[in-house]
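One structure below.
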Amino acid sequence: MRDVSQPLLFETSWEVANKVGGIYTVIKTKVPVTVQEYGDRYHLTGPWNRFTAHVEVEEIEPELDAVAAALAAIRADGIQVLYGRWLIDGAPRVILFDIGSAAHKLDEWKGDIWRVAGIPSPPNDIETNDAIILGYLNAWLFGEATNCTASMCVAKADTQHAIIAQFHEWQAGIGAVLCNKRKIDVATIFTTHATLLGRYLCAGNVDFYNNLKHFNVDEEAGKRGIYHRYCIERAAAHCVDVFTTVSNITAYEAEYLLKRKPDGVLPNGLNVVKFSAMHEFQNLHQVAKERIHHFVRGHFYGHYNFELEDTLYFFTAGRYEYRNKGIDMYVEALARLNGRLRACNSPITVVAFIITPAKVNSFTVETLKGQALIKQLEDTVAEVSARVGKRIFEMAARGREPHAEDLLTEQDRILLKRRVFSLKRDSLPPIVTHNMVSDHDDPVLSQLRAVHLFNNDDDRVKVVFHPEFLNANNPVIGLDYEEFIRGTHLGVFPSYYEPWGYTPAECTVMGVPSITTNLSGFGCFMEDNIVNPQDYGIYIVDRRLKSADESIEQLAGYMFEFCQKSRRQRINQRNRTERLSDILDWKRMGIEYMKARQCALRRCYPEAFEEEEEEEGAGASSPYGSGPGAKLSRPQSIPGTPLPGADLAMYDLAALSISAELPGVRTQEDEDHDLRPPIQLKMKTPLMTPTIQTP
């Protein structure tokens, strides 16, 4: 019988030390809490990207004998493997396979996966071919390989410890299928972060959620040329001990598209230490906002007729998925907001950014010219100011009282006039910062023109479409994405298809209020855990039960309401928003992963838990209860009475009993020197309550 108290954990993803998409952030930020739990018994496996691995991974020798023996057997068959430490927080051990060195076995493995699992694989799909190779190499690591020189593996070399293997997304799914078909002695978990078919269907402009129960999934996958990939994903979901997703909305989707109801939800967290600025985050907001001010002065030169003190910065960001990310709804709502602000003669100006990568050639001449002119004006004013300061000093030193007409010389006046005249222009400020490859049919530009958002002088909403991700080397804005977020006032993410949603989560941990929807994983999570999320700066647009026009009107209403807030009200709201970062920390979210691993161990090794269950049957019940629907109470800075309830000190994890120490979440026994009202979390039904199924 294997020891389930000290299991080995292997986590497989295509994005281990290989940044491709959002899963890289999930894996990377989760590492510290997982290493703290497992130490050197935790390994990550993935493909060996030779372009980045040399700066991401430090090669070392395996410490565990079982891993060393398995890697030696794989290398003996000509497969190249890199074993080392991933140079990130936590420094986890990684096993990276050279996909190309195993390409000679591809045809053999493609035939085998068809025979054992009925999964087809067309010859020209490189991504699927690579996924098959990665899956077989992982199965080789855990168990026996087919027709190979050596058959040593981790499961054979270590017969004492239980083994857990978690697979992320369909690219890693072949390994999960093989573990089941070959009866490899490993507890398996498969996590889908977004279903393949769901993403394709939503991009195809269909009424996805209302028709979810009625799709012919095989036919729809075939129409889109992804049937073989869909087969991998669906087989992986059915072959593992525990199937999970990242949000309740994705779990609902997976139940109908993958034909298995997920066993639980593993929400994505963040390394809050990285984003947290403690009490200084308001000061960082001011610093970053001033740099955005500098960009705005240059971009709107010649039409800079609004007060920056009365200007709010809104933004949306992410992949260029025009409908899935809700960019269409964002632009339409901005047009309606513009009408409302003009109708009430509001002094507020909104500068709305759209930051998403598109095909571009270069920055526009007008964009670069504006920044150059403002820089030239800034340098000239600095020179004139220095001369004026020297004249004031000399006059005062001689006992003379300086007069205004004595401070500026005729030369200074002429120089300043030239700079001011150079800022005049006849054309309107551009709505896009780059020359687009397809300017005439770009969906964002087309909609901006359709709703007449042209940055006119009387527009209260100005728009800036920046079709590239931000970085500090950008010659126009010159801010990293994180710094840019800090300088804004509101993030707007009205997504139609968003399995989780890191963008509003990043806003939250930096104290920036955001708008999301009840079709995003993040929005559902906040709605389930917080009483009236709007009080904490989390606005949730209903895209599930309302029509598109009603949802746009609600979004415009939220933005207009935000514009009505005073500066003091916005500061108070930012403070409340920043305090929510504690519930998004991996220290809390990681508990759901712990429950999933325990559930997998129970299903794979039920005999190891029989004695423990007997002891628990005689034990006392939890003093905290488990009432459903408990949420985070309203902040005490909002009028109204917080809902009563016990403080959260512990999760009841079925067979587990794990204390949860959440930063910023206090129990009655804590000594508290913080004068702010405490955040009180009440007991909530666990996201994953595993149903133990014995084979």
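Since every read-out is calculated from the coordinates, none of them should be taken as a lab result. It should be emphasised that the depicted structure is a prediction, and the values quoted were computed from it without experimental measurement. Neighbour counts are summed over all protein chains in view; Cβ atoms, including those assigned to glycine, are modelled from backbone coordinates with ideal geometry.
Listed values, structure above:
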{"item": "Size of charge dipole - the stretch 1-158 - debye, nearest 20, with Cβ of Lys, Arg +1 and Asp, Glu -1, no other charges", "result": "160"}
{"item": "Whether the stretch 316-437 is rounded, prolate or oblate, judged on the alpha carbon gyration tensor where a/c under 1.5 counts as rounded", "result": "prolate"}
{"item": "K19 paired with D65, simple spin-label distance in nm, labels 7 Å along Cα-to-beta-carbon", "result": "4.0"}
{"item": "Lys/Arg +1, Asp/Glu -1 at C-beta; the stretch 407-550 dipole; positive extreme among L445, N455, P499", "result": "N455"}
{"item": "The stretch 447-513, relative contact order in percent, only Cα pairs under 8 angstrom and at least six apart counted", "result": "20"}
{"item": "Whichever aspartates and glutamates have a C-alpha closer than 13 Å to that of K213, once near sequence neighbours (fewer than 8 apart) are set aside", "result": "E253, E255"}
{"item": "Distance violations [Cα-Cα > 29 Å] among K359/K462; K369/K390; K261/K587", "result": "K369/K390"}
{"item": "Contour minus Cα-Cα distance for I414 and A72 (0.36 nm per residue)", "result": "115.3 nm"}
{"item": "5 angstrom amide H check on L44, placed H, neighbours 5+ away", "result": "E11, R93, V94, I95"}
{"item": "Residues with amide H under 5 Å from that of I530, placed H, sequence gap 5 or more", "result": "L632"}
{"item": "In order through the stretch 82-94: 3J(HN,Hα) via Karplus (6.51 cos²θ - 1.76 cosθ + 1.60), integer Hz, x for Gly, Pro", "result": "10, 10, x, 9, 6, 7, 9, 4, x, 6, x, 6, 10"}
{"item": "Value at 222 nm in deg cm²/dmol, rounded to 500, when DSSP H runs of n ≥ 4 in the chain each add -39,500 (n - 2.57)", "result": "-13000 deg cm²/dmol"}
{"item": "Per DSSP, loop trypsin sites (Lys or Arg not before Pro) in the stretch 1-81 with at most 16 further Cβ within 10 Å", "result": "K19, R50"}
{"item": "Cα-based shape type of the stretch 402-542, given that a ≥ b ≥ c are square roots of the gyration tensor eigenvalues and the cut on a/c is 1.5", "result": "prolate"}
{"item": "Chymotrypsin sites (Phe, Trp or Tyr not before Pro) restricted to the stretch 227-273 and DSSP loop, no more than 14 other C-beta within 10 Å", "result": "none"}
{"item": "Dipole in debye (nearest 20) - the chain, about Cα centre, beta carbon charges: Lys, Arg +1; Asp, Glu -1", "result": "2060"}
{"item": "Given charges at Cβ of Lys, Arg, Asp, Glu: the chain dipole, positive-most of I374, Y593, H294", "result": "I374"}
{"item": "Whole-number Å³ per residue for the convex hull built on Cα positions in the stretch 1-150", "result": "133"}
{"item": "Check: the stretch 370-422 dipole with +1 on Lys, Arg Cβ and -1 on Asp, Glu Cβ, in debye", "result": "100"}
{"item": "Under 5 Å, built H, 5+ apart or other chain: amide partners of T349", "result": "T311, L312"}
{"item": "Ascending count of other beta-carbon atoms within 10 Å, so fewest first, for R568, R182", "result": "R568, R182"}
{"item": "Overall form of the stretch 316-375 per C-alpha gyration tensor (a/c, 1.5; a/b vs b/c)", "result": "oblate"}
{"item": "Per-selection Rg to Rh, the stretch 370-422 - Cα, Kirkwood hydrodynamic radius", "result": "1.08"}
{"item": "At R0 = 25 Å, FRET efficiency that the Cβ-Cβ distance of F51 and N124 yields, to 0.05", "result": "0.60"}
{"item": "The chain: relative contact order as a whole-number percent, Cα under 8 Å and 6+ apart", "result": "13"}
{"item": "For the chain, the spread of Cα positions along each principal axis, largest first, Å", "result": "95, 60, 58"}
{"item": "Of all DSSP beta bridges in the chain, antiparallel share, percent nearest 5", "result": "20"}
